[in-house]
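Below: one structure, written as structure tokens.
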Amino acid sequence: MTQLYQAGQGQPTDEIRKVAEYEGIDVQKLTRRVAKGHVVIPSNKNRNTKPCGVGKGLRTKINANLGSSPELENVQLEVKKAKIAAEYGADALMDLSTGPKFRQVRQAIMESTDIPLGTVPIYQAGITASDAKKAVVNMDEDDMFRAIEEQAREGVDFMTVHSGITLDTVEKVKKSERVMGVVSRGGAFLTAWILHNQEENPLYQNYDYLLEIAREHDVTLSLGDGLRPGCLADASDIPQMGELLILGDLVKRAREADVQVMVEGPGHVPLNQVEANMQIQKTVCKGAPFYVLGPIVTDLAPGYDHITSAIGGALAARSGADFLCYVTPAEHLSIPGLQDVKDGLVASKIAAQAADVANGLKSAWDKEMEMAHARKDFQWEKQYQLAFDPEKARKCRERRPTAESDMCTMCGEFCALRMVRDNI
Ligand SMILES: C[C@H]1O[C@@H](n2cnc3c(N)ncnc32)[C@H](O)[C@@H]1O
Ligand SMILES: Cc1ncc(COP(=O)(O)O)c(N)n1
Ligand code: MET
Ligand code: SF4
Ligand SMILES: [Zn+2]
């Protein structure tokens, strides 16, 4: 019995009750939203985590990507990244490991954190095939479903499946005038597989089997955007939209099978197209939670893509996105380090809060009011405590202290707040 099934019977699950409490919303209302598929709570039956609700009316959530690559693999480093991500407010983690010790990394992350974990099982299938059969394109359907099943048993809470990459959408990519082709890693594995084998994507062809596994372990599916744009010029093009139409159909089928489902989205999108992208997804996918990567709104800032994506992320979350995948300053340049993880998270938290305030979320406004009062009253400790990055705020003030606490070195004795307070 899945959470979606229970919610459909009007029965709030323990997870629904907990999320309703954290978010300060009515349990029955949340149960209805889960039943409709407008909210998902990724929570595998085989793992205990702090439940995190994603979707309509809830605080915008943040995911932090981590994991090893063939170029850098250190299990303890990934555990440290997971801990820093959790410390700076990540609501979920994705282990995107592609190094040989991917199992150890996944296990260590699950053991050292209590927040929901997502994965992309096609990576495991691809790496295993690359190792045992010489190439990713030599993986077969069994390899794919074996990876999904193994990870579902281990307790992975949500899984990205690129089921929208099909013979037809691959054809659309070939015919298109895309500059960047395919930039999604899972999308590339499956596009290459289809081109090599000239067969339909098993994750599409046998989607019902995928749903069976997800239902058995109550895994939430995250329908991958394998054809997301990799540069501004490719945004909102025919391959991206063609894939989205398929995802809309797959959302419906997941819900009919009582499997929770969300949808992944772009990517690299000019600011003026962000809102339309959110509205189209919400319409085509019938209100399914939308999980976006950025969007990055200019490609001219490598080293600062946490900022380019926070700008896009704020507008996206204001326009319907529910879940922001952080982007770190290392994006497009290298695997992120610890500082990158922290900087990426802080930037996403800013984007999410900006959107939550604009969307009128009470909990977001409450914090803004607390900060306003702490500032007015020169309560520095309180300000640090409310800050997304307390350490940085403290360092900034303490490097130039003032003799009196009710001012800072910006204006000194001419402190505006103090001048008016003393004369009113
Ligand atoms: C889809 C997103 O996943 C990110 N991504 C892929 N692999 C890793 C990794 N090992 N660590 C962190 N992020 C990763 C990419 O940078 C892209 O933004
Ligand atoms: C928001 C989002 N989009 C995509 C992916 C998967 O990465 P990829 O598609 O590159 O395999 C992800 N982990 N999160
Ligand atoms: C081509 S780099 C791989 C990830 C990329 N940043 C993306 O938008 O998906
Ligand atoms: S440039 Fe780097 S991040 Fe982009 S697809 Fe290639 S290896 Fe991955
Ligand atoms: Zn990119």
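Considering (1) more than 13 Å from the chain's Cα centre (by Cα); (2) within 13 Å of ligand 5 (Cβ to nearest atom), say which one Lys376 fails and leave the rest.
That leaves (2) as the condition not met.
Of (1) open to solvent by 60 Å² or more (accessible area, probe 1.4 Å); (2) not in a helix (DSSP H, G or I), Ser97 satisfies all except one. Which?
So the condition that Ser97 fails would be (1).
So how many residues does the range 183-212 have that are surrounded by 15 or more Cβ atoms within 10 Å (Cβ to Cβ), assigned to a helix (DSSP H, G or I) and either aliphatic (A, V, I, L, M) or not assigned by TED's automatic domain parsing to the domain that holds Leu245 (or both)?
So the count comes out to 7.
Among the residues of the range 352-360, is any of a type outside the set (S, T, N, Q) and closer than 24 Å to Cys231 by Cβ?
Scanning the range 352-360, I find no residue that is of a type outside the set (S, T, N, Q) and closer than 24 Å to Cys231 by Cβ, so the answer is no.
Would you pick out the residues in the range 109-135 that are more than 19 Å from Leu93 (Cβ to Cβ) and either touching a Lys or Arg at 6+ places or on another chain (Cβ under 7 Å) or more than 15 Å from ligand 1 (Cβ to nearest atom) (or both)?
Answer for the range 109-135, where residues must be more than 19 Å from Leu93 (Cβ to Cβ) and either touching a Lys or Arg at 6+ places or on another chain (Cβ under 7 Å) or more than 15 Å from ligand 1 (Cβ to nearest atom) (or both): Ala125, Thr128, Ala129, Ser130, Asp131, Ala132, Lys133, Lys134, Ala135.
If you scan the range 62-94, which residues turn out to be part of a helix (DSSP H, G or I) and under 20 Å from the mean Cα position of the chain (by Cα)?
Glu78, Val79, Lys80, Lys81, Ala82, Lys83, Ile84, Ala85, Ala86, Glu87
Given Ala314, Ala301, Ala310, which one is aliphatic (A, V, I, L, M) and either open to solvent by 50 Å² or more (accessible area, probe 1.4 Å) or away from ligand 1 (no atom under 16 Å from the Cβ) (or both)?
Among Ala314, Ala301, Ala310, only Ala314 is aliphatic (A, V, I, L, M) and either open to solvent by 50 Å² or more (accessible area, probe 1.4 Å) or away from ligand 1 (no atom under 16 Å from the Cβ) (or both).
Scan the range 287-306 residue by residue and report those that are among the small types (Gly, Ala, Ser) and within 16 Å of ligand 4 (Cβ to nearest atom).
The answer is Gly294, Ala301, Gly303.
Does Gln76 satisfy being closer than 24 Å to His217 by Cα and either of a type in the set (D, E, K, R) or not assigned by TED's automatic domain parsing to the domain that holds Gln385 (or both)?
no
For the range 111-125, give me the residue count where each residue is buried (at least 21 other Cβ atoms within 10 Å of the Cβ) and assigned to a helix (DSSP H, G or I).
Count: 5.
Working only within the range 333-364, note down all residues that are within 13 Å of ligand 3 (Cβ to nearest atom), in contact with a strand residue (DSSP E or B) (Cβ under 9 Å, 6 or more places away or on another chain) and touching a residue at least 24 places away in the same chain (Cβ under 8 Å).
Answer for the range 333-364, where residues must be within 13 Å of ligand 3 (Cβ to nearest atom), in contact with a strand residue (DSSP E or B) (Cβ under 9 Å, 6 or more places away or on another chain) and touching a residue at least 24 places away in the same chain (Cβ under 8 Å): Ile335, Pro336, Gly344.
Could you go through the range 153-166 and let me know if any residue there is open to solvent by less than 30 Å² (accessible area, probe 1.4 Å), under 22 Å from Leu250 (Cα atoms), among the polar types (S, T, N, Q) and part of a loop (DSSP other than H, G, I, E, B).
Yes, the conditions are met somewhere in the range 153-166.
Got at least one residue in the range 72-93 being touching a helix residue (DSSP H, G or I) at 6+ places or on another chain (Cβ under 9 Å) and either more than 27 Å from Leu333 (Cα to Cα) or within 16 Å of ligand 3 (Cβ to nearest atom) (or both)?
No, the range 72-93 has no match at all.
Just to be sure I understand the filter: pairs with C-beta atoms under 6 Å, separated by 6 or more residues or on different chains, first member in the range 253-267 and open to solvent by 10 Å² or more (accessible area, probe 1.4 Å), second member aliphatic (A, V, I, L, M) and outside any loop (DSSP other than H, G, I, E, B). Which pairs pass?
Filtered contacts from the range 253-267: Ala257/Leu211; Asp258/Leu4.
Hey, among Asp340, Asp356, which residue is of a type in the set (Asp, Glu), within 20 Å of the chain's Cα centre (by Cα) and within 16 Å of ligand 5 (Cβ to nearest atom)?
Step by step, each of Asp340, Asp356 is checked, and only Asp340 is of a type in the set (Asp, Glu), within 20 Å of the chain's Cα centre (by Cα) and within 16 Å of ligand 5 (Cβ to nearest atom).
Pick from the range 264-305 the residues that are out of contact with any Gly (no Cβ under 7 Å at 6 or more places or on another chain) and of a type in the set (Val, Ile, Thr): which of them is farthest from ligand 5 (Cβ to nearest atom)?
Thr283
How do the helices (runs of 4 or more DSSP H) wholly within the range 296-413 filter down when requiring 1 or more residues that are among the β-branched types (Val, Ile, Thr) and closer than 30 Å to His38 by Cβ: which remain?
305-318, 338-358
From Gly248, Gly187, grab the single residue that is small (Gly, Ala, Ser), away from ligand 1 (no atom under 16 Å from the Cβ), modelled with pLDDT of 95 or more and out of contact with any strand residue (DSSP E or B) (no Cβ under 6 Å at 6 or more places or on another chain).
Gly248
The values are calculated or read from the model by the stated rules, or taken from the named source; none is laboratory data. These numbers were taken from a predicted model, which means no experiment stands behind them. Counting neighbours? That spans all protein chains shown, and the Cβs are built from the backbone with ideal geometry, glycine included. All accessible areas refer to the heavy atoms of the entire protein, side chains included, with ligands and DNA or RNA removed. Shrake-Rupley method; radii C 1.70, N 1.55, O 1.52, S 1.80 Å.
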